[in-house]
Amino acid sequence: MFRILYIEDEKEIGQWVTKELTERGFEVRWLESGEGIEHYIGSADVVILDVMLPGLDGFSIGKRIKRENNELPIIMLSARTAVEDKIEGLNFADDYLTKPFHPDELVARVEVLLRRYQKNDDIIDLQHLKIHTKEMRIMDSIANEEIQLTSKQFYLFQYFIRHLNQILTKEQLYEGVWEEAYIEGDKTLMVHIRYLREKIELNPAKPLIIETIRGIGYRVKL
């Protein structure tokens, strides 16, 4: 049975979500604040974390969790729909779901993260690549050799892997990797993605790994 650490201070929502997840076969530990989470992080498979909490907010708690265990997936829940809030959440979390939501959607997102993080030997197969997520080694299974990336290419690709199947805006990617505000018209991200594609794509002119989502940004899809 997979174990979920759920942090939500609104009792009605907390009771509803806990009931829905429990009925679907998950073991749920529900906390109303971040106090005492250190006792539960080690036994959790997924964290579902509300943004607005008493004391430390969800963003601060989520960053702390990732510092302690970067392999523990986090879904942020929030009534905030502003792009800035989503970007802040996705800088460290694996998913961001806005309220109100249907329990089926929450369960589907939990299951996606469990599949992503429960891979045998922590390996993701992506087209011709074998990605060893713990040490972030990337092997070309056709050439049977390791692909060497620069530090920025590494952090950029790692950000994509942490957000598999999600469409990421240029702003999210730039601010997540460079940790600076994105300036419209800056070509830095585009140049790095071009060089990254030259290393990981079989045909960089027709990329199958890093997709361009016209008018929005990019996506790496399993």
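The values are calculated or read from the model by the stated rules, or taken from the named source; none is laboratory data. The model shown is predicted, which means the values in this text are computed figures rather than measured ones. Cβ sites come from the backbone with ideal geometry, for glycine too, and all protein chains shown count toward neighbours. Quick note on the areas: whole protein, heavy atoms, side chains included, nothing else; ligands and nucleic acids left out. Shrake-Rupley method; radii C 1.70, N 1.55, O 1.52, S 1.80 Å.
For the reader, a short list of remarks on this structure follows.
- For the stretch 1-36, a residue qualifies if it is open to solvent by 40 Å² or more (accessible area, probe 1.4 Å), part of a loop (DSSP other than H, G, I, E, B) and in contact (Cβ under 8 Å) with a residue 40 or more places away in the chain, and the qualifying residues are 2, 9, 10, 24.
- Top-ranked residue of the stretch 179-197 - restricted to ones that are closer than 26 Å to residue 97 by Cβ and open to solvent by less than 50 Å² (accessible area, probe 1.4 Å), ranked as modelled with the highest pLDDT: 189
- Output for the stretch 198-212, where each listed residue is open to solvent by less than 30 Å² (accessible area, probe 1.4 Å) and over 18 Å from the mean Cα position of the chain (by Cα): 200, 201
- Every pair of residues 6+ apart whose Cβ atoms lie under 6 Å, when the first sits in the stretch 175-186 and is under 15 Å from residue 90 (Cβ atoms) and free of Cβ contacts under 8 Å to residues at least 40 places away in the same chain while the second is of a type in the set (Phe, Trp, Tyr) and in a helix (DSSP H, G or I): 177/155; 177/159; 182/174
- Cross-chain or 6+ apart pairs with Cβ under 6 Å, the stretch 204-220 first and closer than 18 Å to residue 162 by Cβ and outside any strand (DSSP E or B), then among the aliphatic types (A, V, I, L, M) and modelled with pLDDT of 95 or more: 209/200
- Scanning the stretch 191-203 for residues that are touching a residue at least 12 places away in the same chain (Cβ under 8 Å) and either within 15 Å of residue 155 (Cα to Cα) or in contact with an Asp or Glu (Cβ under 6 Å, 6 or more places away or on another chain) (or both) yields 192, 193, 195, 196, 197, 199, 200.
- Filtered residue count, the stretch 131-150, keeping only those that are assigned to a loop (DSSP other than H, G, I, E, B) and open to solvent by 50 Å² or more (accessible area, probe 1.4 Å): 8
- Condition check for residue 153: assigned to a helix (DSSP H, G or I) and either open to solvent by less than 30 Å² (accessible area, probe 1.4 Å) or at pLDDT 90 or above (or both): yes
- Of the residues making up the stretch 156-178, those that are part of a loop (DSSP other than H, G, I, E, B), surrounded by 15 or more Cβ atoms within 10 Å (Cβ to Cβ) and not aliphatic (A, V, I, L, M) are 163, 166, 178.
- Every pair of residues 6+ apart whose Cβ atoms lie under 7 Å, when the first sits in the stretch 37-49 and is modelled with pLDDT of 90 or more while the second is among the hydroxyl-bearing types (Ser, Thr, Tyr) and not in a loop (DSSP other than H, G, I, E, B): 48/6
- Against the test of being modelled with pLDDT of 90 or more, assigned to a helix (DSSP H, G or I) and within 22 Å of residue 221 (Cα to Cα), the options 106, 97 yield a single qualifying residue, 106.
- Test for residue 46: is it out of contact with any Phe, Trp or Tyr (no Cβ under 6 Å at 6 or more places or on another chain) and either buried (at least 16 other Cβ atoms within 10 Å of the Cβ) or among the basic types (Lys, Arg) (or both): yes
- Taking the stretch 55-93 as the range and being of a type in the set (Ser, Thr, Tyr), modelled with pLDDT of 85 or more and either open to solvent by 30 Å² or more (accessible area, probe 1.4 Å) or on the phi > 0 side of the Ramachandran plot (or both) as the test, only 60 passes.
- Hey, residue 115 in a helix (DSSP H, G or I) and open to solvent by less than 60 Å² (accessible area, probe 1.4 Å) or not: no
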